[in-house]
Amino acid sequence: MLTQKGFLLIILTIFFLSISPVHAQTDSTGPVDYETLFKENLTRGGKVLNLSGKKIGDAGLKVLLNQDFIKNLKKLDLRYNQISPQGAKTLAQSPPLAKLKTLILKHNFFSDEGSLALAHSHSFPNLE
């Protein structure tokens, strides 16, 4: 006879097996294919890039800033990406992204140093 505890264990197992893996840096043991990751998350005709929770870190941010499509972005979501103060400085010193109107940076590891660099940056002249 199946107990309530056993039934719950079966249901939880089925639930967790049915969840597809998240394509994030921390979910793989090999090198990250950032260009594919960016392409998969680029929407609205290349105007919106949602990388929330992808944990690209400073290394992925550097790759992102060298992509041609970044010049056309209107919205960039970088929440939960483990970007450090140095990564924030790199972003702050990037060439101007004139079309960018929305930049979401919550829940990273900027500290005061990175936050100040972003606050004084001229890379985002048209943020709303």
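Taken together, the values in this text are just the output of simple stated rules run on the coordinates, not laboratory data. Please read these numbers as outputs of a predicted model, since none were measured by experiment. Every residue, glycine as well, gets a Cβ built from its backbone with ideal geometry; the counts of neighbours run over all protein chains shown.
Considering only Gly57, Tyr80, Gly45, and ranking their Cα positions along the charge dipole of region 32-119 that arises from unit charges at the beta-carbon of Lys, Arg, Asp and Glu, the one farthest toward the positive end is Gly45.
Where the only charges are on Cβ atoms (+1 Lys, Arg; -1 Asp, Glu), what is the dipole of region 32-119 about its Cα centre, to the nearest 20 debye? Walk me through the numbers before you get to the answer.
Numbers: 14 positive and 8 negative charges, 90 e Å.
So the magnitude is around 440 debye.
Projected label points at Asp112 and Asn41, each 7 Å from Cα along the beta carbon direction, are separated by 3.0 nanometres. Across region 53-69, coupling constants 3J(HN,Hα) worked out from phi with the 6.51/-1.76/1.60 Karplus curve, θ = phi - 60°, read x, 7, 6, 6, x, 5, 5, x, 4, 4, 5, 4, 5, 9, 7, 5, 5 Hz, and Gly and Pro carry x.
Using a 10 Å cut-off around each Cβ, can you sort Thr43, Thr102 from fewest to most neighbouring Cβ atoms? Walk me through the intermediate numbers first.
Working: Thr43 11, Thr102 14.
Listed from fewest to most nearby Cβ atoms, that is Thr43, Thr102.
Give me log10 I(q)/I(0) at q = 0.11, 0.15 Å⁻¹ for region 32-119, Debye formula, one equal scatterer per alpha-carbon, no solvent. With one equal scatterer per Cα and no solvent, log10 I(q)/I(0) is -0.25, -0.48.
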